[in-house]
Every structure is written in structure tokens, then in C-alpha cells.
Amino acid sequence: MSSLAIASTMFGCILTGMLASMKIARHLPDHHLSDDSKEVVKLGLGVVGTLTAMVLGLLVSATKGTFDEQSGTIKDVAAQVAMVDRTLFLYGKEAEPARAQLRHLTQSILEQIWPKDKSVPVDFSGGQSRHTGEQLFEVIGKLEPTNDTQRMLKSRAQDILTDMGQLRQKLVVNDERSIPPPLLIVLGVWQAVLFAGFGLLTPRNATSITVIVICMLSVSGALFIVMELDRPFSGIVRVSDAPLQVVASHLGE
């Protein structure tokens with residue numbers, strides 16, 4: 001389910017809870033809506049509101065950490081691509097085929113992680129970039145150094161490619177969703193209860209109802225942001241491809 005669908009479902013749940021409570025409030029005996037009863041309701045809503053705020057804060061922190069980690073991994077990949085290219089440049093003209101293969105690998109990574117067709121799912125575990133990376137490793141392995149410097153540069157290029165493979169696996173591992181569905185269900189129930197309580201206490205006028213609707217949209221928007229941050233490569237809020245694009249534009253120089 002998309003982030004927008006989840007946020008819309010949350011909005012629908014809390015709107016339904018508020019409308020139902022407003023309708024129920026019309027049929028409650030007067031003593032159920034006395035000042036003392038309203039104070040108790042306010043205390044209960046304060047507890048639910050505090051719990052909800054804590055959970056949302058934890059979710060934002062957790063998903064922001066996931067987003068930042070994936071973004072940092074992409075920057076590390078870009079830096080290592082640049083390092084491999086410079087290492088092969090220092091090796092000499094014999095490494096030009098490997099540099100060409102590296103440019104092909106970089107383009108494959110860009111096309112795989114940021115496909116032009118937004119409906120294509122991102123798959124870090126396979127795809128063209130994996131095959132291209134293996135071919136690059138083979139091309140570098142076939143280089144025949146003629147001196148100690150070239151032997152050192154060849155070994156260094158192979159080490160960096162190995163590190164890039166580890167970063168690839170890091171992307172795979174961190175691509176798992178960090179928000180369990182039961183937590184979203186509990187959060188939705190809490191929000192429905194919270195706004196149902198608001199429905200009991202809210203005066204029936206346009207100003208009050210408008211403010212409550214804005215609050216509901218804000219809460220749903222917060223959940224939307226959380227879900228987007230939890231999907232760094234498949235949502236509207238995506239990890240930028242700028243680091244790799246910048247490096248790709250300088251490969252071969």
C-alpha cells in the first residue's frame with residue numbers, strides 16, 4: 001500500500017470517529033456532558049494524545065535514520081566509483097577498457113535505483129548492475145601489471161570494488177520496512193479515539209470544525225511523511241541521485 005493510501009486511510013478513520021462521536025453526543029443525557037465529565041474526557045484525551053505524540057516522534061526518528069543511512073550509502077558508492085576511476089587512470093592506458101566498463105556500471109546503477117518508469121520496483125539484489133559489476137571485476141582481474149606500482153593499483157581497485165559490493169548488500173538489508181503494520185493499526189485506533197473525544201467536546205460551529213479538520217490533516221500528513229521516509233527509493237520523498245550523477249559526469253577525464 002502506498003504512503004498516500006495509508007495516510008488517507010488514517011484520515012478516514014479519525015474523521016469517521018469524530019463524526020460518530022458528534023452524532024452520539026446529541027443523544028447523550030445532559031449529565032454525561034457536564035463540566036465534571038468534560039474534565040475527565042480531557043484528561044483521558046491528554047493521555048492518548050501524549051502517547052500518540054511519543055509514537056509519532058519515535059517513528060519520525062527511526063525512519064529519518066533509515067533515510068539518512070541509505071542516502072549516506074549512496075554517497076559512499078559515488079565516492080568509491082570516483083576512486084576506482086582515478087586508480088585505473090593512474091594504472092595507465094591498459095586500464096581504459098576497465099574505465100569504460102566502470103562508466104557502464106555507473107549508468108546501470110542509476111537506471112536501476114532511479115528508473116525513468118516510476119512503476120518499476122527498485123531491486124538492489126539483482127539486475128543489470130550486478131552483472132555489469134561482475135564483468136568489471138573480471139576485466140580488472142585480467143590486467144597484467146608490469147611493475148610494483150601497477151600491481152598496487154590493481155589490488156587497490158579490486159579492494160574498492162569489493163567494498164562497493166558490501167555497500168550494495170547494505171542497501172539490500174536496509175531496504176526492509178522498519179514500521180510493523182500492528183504499530184500502524186494501534187496508532188490509527190489511538191487517533192480515532194482522540195478525535196472521537198474531540199467530537200464530544202467540540203462546539204457545532206464552522207470555526208471549531210475547521211480547526212479539527214486541519215488537525216486531522218496535519219496528523220495524516222505526519223504519517224505520510226513517516227511512510228515516505230521509510231521508503232527512500234520508491235516514494236515521493238526519495239534519496240537524491242545527485243552524488244552519482246556528479247561522479248558519472250566526470251568519469252573518464
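Brief remarks follow.
- Packing-based exposure ordering (other Cβ within 10 Å, fewest first) of Val40, Val81: Val40, Val81
- For trypsin sites (Lys or Arg not before Pro), the sites in region 1-54 that DSSP calls loop and that have at most 13 other Cβ atoms within 10 Å are Arg26.
- Length-normalised contact order of region 3-250 in % [C-alpha pairs under 8 Å, at least 6 apart]: 43
- (i) 1.59; (ii) 1.50; (iii) 0.95, with the label sought being that of the calculated Cα Rg over 2.2 N^0.38 Å: (ii)
- Of all lysines in the structure, the ones whose alpha carbon falls short of 23 Å from that of Lys64, not counting any fewer than 8 places away in one chain, are Lys75, Lys118, Lys170.
- Extension gain, Cys215-Gln166: 0.36 nm per intervening residue step, less the Cα-Cα distance, totals 13.2 nm.
- A simple count of charges around Lys170, restricted to other residues whose Cβ falls under 14 Å of its Cβ and scoring Lys, Arg +1 and Asp, Glu -1, yields -4.
- Candidate lysines - alpha carbon under 21 Å from Lys23, same-chain residues fewer than 8 apart omitted: Lys38, Lys42
- For region 1-134, the Kirkwood radius over C-alpha pairs fed into Stokes-Einstein at 37 °C and 0.692 mPa s yields D = 158 µm² per second.
- HN-Hα J in Hz across region 241-250 - Karplus 6.51, -1.76, 1.60, θ = phi - 60°, x for Gly and Pro: 8, 4, x, 5, 5, 4, 5, 4, 5, 10
- Extension gain for Glu96-Ile185 works out to 26.5 nm (0.36 nm per residue, less the C-alpha to C-alpha distance).
- Helix-only mean residue ellipticity at 222 nm for the chain, each DSSP H run of n ≥ 4 adding -39500 (n - 2.57), per residue, nearest 500: -27000 deg cm²/dmol
FYI, it's all coordinate maths here, none of it is from the lab. Quantities reported herein were computed from a predicted structural model and do not represent experimental measurements. FYI the Cβ positions are ideal-geometry reconstructions off the backbone, even for glycines, and counts take in every protein chain you see.
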